Amino acid sequence: MNEITKKSTPSVDEWLKEAKNDSAALQEGMYLVHNGTVRQTPKAKVRQGLDDGSSVTGMEFFYDALKVDVAIAETKKMDGIFHVRVWLNEGYLKVGEDIMYVLIGGDIRPHVIDALQFLVETIKTTCVTEIEKK
């Protein structure tokens, strides 16, 4: 199997530093970070309770960059959201490897939580292809 050269994992500390140095930071009271990783437990077991006794050894992960850009743009339109940043890995990923990082900055906790939930759900359901390997 050919592996795509892995992207460098971003520094969340650097992301936060950049976000806090942005002019919009004066309006932000909260940042949330999501870091999705490849887990050993199959999605069907975690989400639907279907246990076939298998374990995940890795996954093929790809994304549509244009769809991700649209999802980011939609998130930026949400009430109280001033900062959105996304990094997605690609190719064959082993258990424990990073799939994605998402950073949301906004005014108050409910807005930031809603935006993070919306963006991660949109990316996972409309922008990516994940094929678990067992």
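Helix 65-76 and the longest principal axis of the C-alpha atoms of the chain enclose an angle of approximately 40°. Here each label is just a point 7 Å from Cα along the line to Cβ, and for K134 and Q40 those points are 1.6 nm apart. The GluC sites (Glu not before Pro) of the range 1-107 meeting both criteria, a DSSP state outside H, G, I, E and B (loop) and at most 12 other C-beta atoms within 10 angstrom of the site's C-beta, are E3. The angle separating the long axis of helix 109-122 from the principal Cα axis of greatest extent in the chain is about 40 degrees.
Work out the FRET efficiency for S55 and R109 from their Cβ-Cβ distance, taking R0 = 35 Å, and round it to the nearest 0.05. In this case the efficiency is close to 0.45. The ratio of the alpha-carbon radius of gyration of the chain to the globular-protein estimate 2.2 N^0.38 Å is 1.14. The angle between the Cα long axis of helix 12-21 and the main principal axis of the chain comes to about 20°, on a 0 to 90 degree scale. Overall shape: prolate for the range 7-74, with the ratio a/c of the largest to smallest alpha carbon gyration tensor axis at 1.5 or above and a/b above b/c.
Across the chain, Cα pairs under 8 Å and at least six residues apart give a relative contact order of 36 percent.
No value in this document is a laboratory result; all are computed from the given coordinates. Fair warning: this is a prediction, and the values are worked out from it, not measured in the lab. Here the Cβ is made from the backbone with ideal geometry for all residues, glycine too, and neighbour counts use every protein chain on show.
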